[in-house]
Amino acid sequence: MGSTPVIALENVRKIYPLPSGDVHALDGVSLAIEKGEFVAIMGSSGSGKSTLMNQIGCLDVPTEGTVRIEGQDIGQLSDYDLTALRRDSIGYIFQKFNLIPLLTAFENVEYPWLLRQRRYDDTGRVQHLLDQVGIDAALAAHRPSELSGGQQQRVAVARALVNEPAILLCDEPTGNLDSKTSTQIMEMLAALNHEGRTVIMVTHDAATAEYADRTILIQDGRIA
Amino acid sequence: MKKPDIIFRLSLRSVRLNLLRSVLAALGIVIGVVAIASIGMISANMTLSVAEELSATANVLVVKPDTGSGDSGFGRESESNDDEDDYLTNDQFNDIRKAAGSSYVYYLYSESDDIETGSTSGRATIYAMDDEAMKDILSLAEGSFPSTTSQVVVGPDFVERYDIEVGSKITIGDEDDEEGEVTVRVTGILEERGMSMDISSDNAIITAEKFFTGRYGGEDEYTQVNVVVDDINDIDAITESIDESLNRKDDEVQIQDSSRMLNTISSTLGTLTSFALAIAGISLLVAAVSIFNVMMMSVTERIREIGILRSIGTQKDEILRMFVYEAAIIGIVGAGIGAVLSLLIGYVVVFGMVGTTEYFFAWDSLANVPEGMIVGAVICVISGVYPAWRASNLDPIEALRAE
Ligand SMILES: Nc1ncnc2c1ncn2[C@@H]1O[C@H](COP(=O)(O)OP(=O)(O)OP(=O)(O)O)[C@@H](O)[C@H]1O
Ligand SMILES: [Mg+2]
């Protein structure tokens with residue numbers, strides 16, 4: 001093998017201890033994703049897709065096994081470093097958009113940039129990103145509650161991109177959108193992948209999975 | 001460009017979004033700050049005005065019989081009659097005179113009795129002194145000093161309280177008393193003397209010596225002897241000289257000066273102030289609970305938002321700061337409004353309770369406002385710490401799942 005994979009999971013287990021018995025949400029997953037790949041993850045509800053995304057997205061650490069992001073074992077990192085990794089290397093797009101309700105669309109996109117750079121953007125990149133996803137300056141002044149689902153998801157895409165992350169994670173990015181808007185968002189993700197970004201996407205929809213280079217199927221916490 | 005604090009902006013927006021709730025929480029702090037600042041100002045103003053009034057008689061020594069019961073406080077007669085020494089004798093008076101050198105020395109009788117004027121009845125202090133001393137020590141605002149035993153002069157507060165004037169009649173005593181009842185006529189009204197330790201004439205009746213000894217007996221049995229020292233720098237020397245002359249064998253007399261009285265008053269005021277402050281503290285405690293409550297509500301309502309913020313790279317300490325700022329904004333705004341209101345309310349209350357706002361802008365008085373503000377704001381921030389800590393330690397995944 002040539003270059004080290006940008007994402008590498010080795011025998012990852014995630015166990016949720018519950019009074020009714022342990023839940024093995026991930027049960028020995030090994031996986032390598034190279035830089036620039038577009039991977040779709042499919043599987044039935046409750047199979048462990050979101051749990052896997054949370055591991056890759058550094059929101060959680062495995063109970064057993066190792067997860068390496070850009071070569072770093074996340075199980076060894078402090079909360080501070082994990083948070084910094086989320087901020088700098090990972091762009092997360094959620095099914096429920098998850099914009100910050102207190103901030104305008106513009107500020108939502110600006111927010112991760114401010115967290116990282118500690119200064120206001122004077123290059124115009126925030127509005128440039130918003131323009132690219134089809135949100136003009138007038139619309140960008142609105143709060144998330146004043147935007148449609150499709151508009152919110154576009155803002156979420158722009159936010160995920162603002163810190164130039166190496167990895168773009170999308171957990172059912174089109175799950176709450178109509179088919180026309182879904183197609184627009186998927187075109188956007190495909191274009192971003194063409195620019196060289198690694199994209200990992202959870203989906204229930206086979207047509208959406210068509211955009212990916214390869215599809216990983218999860219069943220009961222295992223790769224099928 | 002300047003380093004922005006996006007975290008602070010989020011806190012500000014949250015306060016604005018829940019304006020009514022935040023204002024209500026801040027109200028508690030406003031009330032608390034006003035309460036402690038006003039109480040502090042009243043106390044400071046009282047102390048300052050008492051000190052000022054007492055300084056007018058700083059050159060006076062008061063000699064009282066040593067009743068053996070320690071400090072008899074200020075101005076209150078000892079009730080114990082079993083002790084032969086609850087008055088000063090003429091010999092003692094002469095000894096004091098000798099010991100005091102060129103100082104002006106006079107004696108004073110005092111009693112408390114029932115009195116009645118045309119419409120009102122009550123109790124009043126009745127003083128008597130040598131005719132000469134009365135003219136030297138007291139000054140009249142109108143009328144003249146008593147020339148017969150049925151004539152008296154009264155203090156200005158007494159005049160106001162009983163609504164009388166020169167020529168009015170006052171009935172002293174009660175027919176059921178052993179001394180019986182006697183009617184006197186007011187011939188003069190004294191000038192205001194303010195609070196002083198030697199003689200509190202403002203709210204008293206001053207009679208001729210003969211009237212007093214005729215009614216209450218005890219000729220040459222003086223309640224106290226006052227020594228007016230020429231040069232205030234001699235006060236310690238004269239105190240010592242009187243002490244040596246009269247207290248050589250037994251402790252016959254107590255010698256008090258105004259600094260001692262000021263100390264007594266300050267410490268009494270201090271005790272009262274601490275008590276009042278403790279009660280005001282309860283209002284701050286209530287405020288703290290309401291801030292705590294509002295902050296917990298804010299955290300609970302925004303769990304999902306906290307999850308989002310954490311998931312896109314907001315550090316724990318930034319979340320902590322966000323909520324502490326929120327509490328601090330409420331606290332600082334509340335304390336600021338409280339400070340402005342303390343100045344307004346404090347001014348009115350000080351005028352009402354102390355009678356003068358002469359010392360209102362003295363540092364000792366005004367310092368209570370920033371002190372109250374700091375206490376209020378700090379309490380706010382402290383109340384916000386636990387909710388903020390809770391928020392910052394939420395698990396991002398759990399928080400994101402919240403609805
Ligand atoms: N915090 C948790 N505590 C306990 N069990 C959990 C927790 N999170 C997930 N699980 C369990 O882990 C399993 C995998 O859940 P996960 O959310 O990864 O499924 P999913 O594949 O994303 O499903 P869906 O398609 O419905 O989103 C489920 O059985 C779920 O009940
Ligand atoms: Mg899921």
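Please give the contour-minus-distance gain from B:Ala51 to B:Glu371: 0.36 nm per residue of separation, less the Cα-Cα distance, rounded to one decimal in nm.
Gain on extension, B:Ala51 to B:Glu371, equals 112.9 nm.
Considering only beta bridges that DSSP places wholly inside the protein assembly as shown, some 65 percent are antiparallel.
Restricting the range A:103-185 to trypsin sites (Lys or Arg not before Pro) that sit in a DSSP loop and have at most 16 other Cβ atoms within 10 Å of their own Cβ leaves A:Arg118, A:Arg119. Comparing Cα centroids, the range B:374-402 and the range A:147-213 end up 34 angstrom apart. What a 1.4 Å probe finds exposed on the range B:196-305 is 56% carbon and sulfur by accessible area, rounded to a whole percent. Working note: Cα gyration tensor of the range B:60-257, eigenvalues times five, square-rooted, sorted largest first, giving semi-axes of 30, 19, 14 Å.
In a reduced charge model with +1 at each Lys and Arg Cβ and -1 at each Asp and Glu Cβ, the protein assembly as shown shows a dipole moment near 6880 debye about its Cα centre. Restricting the chymotrypsin sites (Phe, Trp or Tyr not before Pro) of the range A:77-132 to loop positions (DSSP other than H, G, I, E, B) with no more than 16 neighbouring Cβ atoms within 10 Å leaves A:Tyr120. Ordering B:Ile282, B:Gln254, B:Gly270 by Cα displacement along the dipole of the range B:219-290 toward the positive end leaves B:Ile282 in first place; charges were set at the Cβ atoms of Lys, Arg (+1) and Asp, Glu (-1). Could you give the distance between the Cα centres of the range B:111-156 and the range B:301-316, to the whole Å? Here the two parts' Cα centres lie 80 Å apart. Take each residue in A:94-103, count the other chain C-beta atoms within 10 Å of its C-beta, and the mean is 5. On full extension, the segment bounded by B:Asp230 and B:Arg16 gains 70.3 nm, given 0.36 nm per residue less the C-alpha separation. Between B:Ser121 and B:Asp395, the modelled labels are 8.2 nm apart [label points 7 Å from Cα along Cα→Cβ]. Considering only B:Thr183, B:Thr239, B:Leu61, and ranking their Cα positions along the charge dipole of the range B:60-257 that arises from unit charges at the beta-carbon of Lys, Arg, Asp and Glu, the one farthest toward the positive end is B:Thr183.
In chain B, a dipole from Cβ-located charges (positive for Lys and Arg, negative for Asp and Glu) runs towards its positive end, and of B:Ala141, B:Ala44, B:Thr207 it is B:Ala44 whose Cα lies farthest in that direction.
Quick one: work out the % antiparallel among DSSP beta bridges in chain A, nearest 5.
50
The interface between chain B and chain A buries about 2900 Å² of solvent-accessible area in total (1.4 Å probe, ligands and nucleic acids excluded).
Could you give the length gained on full extension between A:Asp220 and A:Ser44, defined as 0.36 nm per residue of separation minus the Cα-Cα distance, in nm? Intermediate values should be presented prior to the final figure.
On the way: separation 176, 0.36 × 176 = 63.36 nm, distance 0.86 nm.
So the extension gain works out to 62.5 nm.
Within the shell defined by Cβ-Cβ distances under 14 Å, the residues around B:Asp364 carry a net charge of -3, with Lys and Arg each +1 and Asp and Glu each -1. Inter-part distance, the range B:210-239 to the range B:1-64, computed on C-alpha centroids, equals 45 Å. Under the classification rounded if a/c is under 1.5, otherwise prolate if a/b is larger than b/c and oblate if not, where does the range A:1-93 fall, given a ≥ b ≥ c as square roots of the Cα gyration tensor eigenvalues? Judged from the Cα gyration tensor, the range A:1-93 comes out prolate (a/c at least 1.5, a/b above b/c). If only the Cβ of Lys and Arg carry +1 and only the Cβ of Asp and Glu carry -1, the dipole of the range B:60-257 around its Cα centre is close to 760 debye. For the protein assembly as shown, the equivalent ellipsoid built from the Cα gyration tensor has semi-axes of 90, 24, 20 Å, listed from largest to smallest. In this simple spin-label model, placing a label point 7 Å from the Cα along the Cα-to-Cβ direction at both B:Glu358 and B:Leu344 gives a separation of 2.8 nm. Helix by helix, which DSSP H runs in chain B go 24 Å or more along their axis at the Cα atoms and have an average Kyte-Doolittle hydropathy of 0.0 or more? Span-like helices here: B:19-55, B:258-301, B:316-354, B:368-392.
For the range B:245-337, the set of trypsin sites (Lys or Arg not before Pro) satisfying both a DSSP loop assignment and a count of at most 10 other C-beta atoms within 10 Å is given as B:Arg248, B:Lys249.
Taken along the Cα-to-beta-carbon direction at a fixed 7 Å, the label points for A:Ala191 and B:Ser266 span 7.9 nm. Ranking B:Val349, A:Val39 from most to least accessible surface, computed with a 1.4 Å probe over the protein chains only, gives B:Val349, A:Val39.
Treating r as the C-beta distance of B:Asp114 and B:Arg304 and R0 as 56 Å, the FRET efficiency rounds to 0.15. Dipole size of the range A:85-171 about its Cα centre, with +1 on Lys/Arg Cβ and -1 on Asp/Glu Cβ: approximately 280 debye, rounded to the nearest 20. If you bin all the Cα-Cα distances of the range B:343-393 at 5 Å, starting from zero, the percentages per bin are 4, 17, 18, 15, 11, 9, 8, 7, 6, 3, 1. A Gaussian network model of chain B, with springs between Cα atoms under 10 Å, assigns the largest mean-square fluctuation among B:Asp220, B:Asp136, B:Asp243 to B:Asp136. Axis angle, to the nearest 10 degrees, between helix A:149-161 and the longest C-alpha principal axis of chain A: 80 degrees.
The values are calculated or read from the model by the stated rules, or taken from the named source; none is laboratory data. Note that the structure is a prediction, hence the values are computed from the model and not measured. Virtual Cβ from ideal backbone geometry, glycine too; neighbours counted across all protein chains shown. Accessible surface areas use protein heavy atoms only, side chains included; no ligands, DNA or RNA. Shrake-Rupley method; radii C 1.70, N 1.55, O 1.52, S 1.80 Å.
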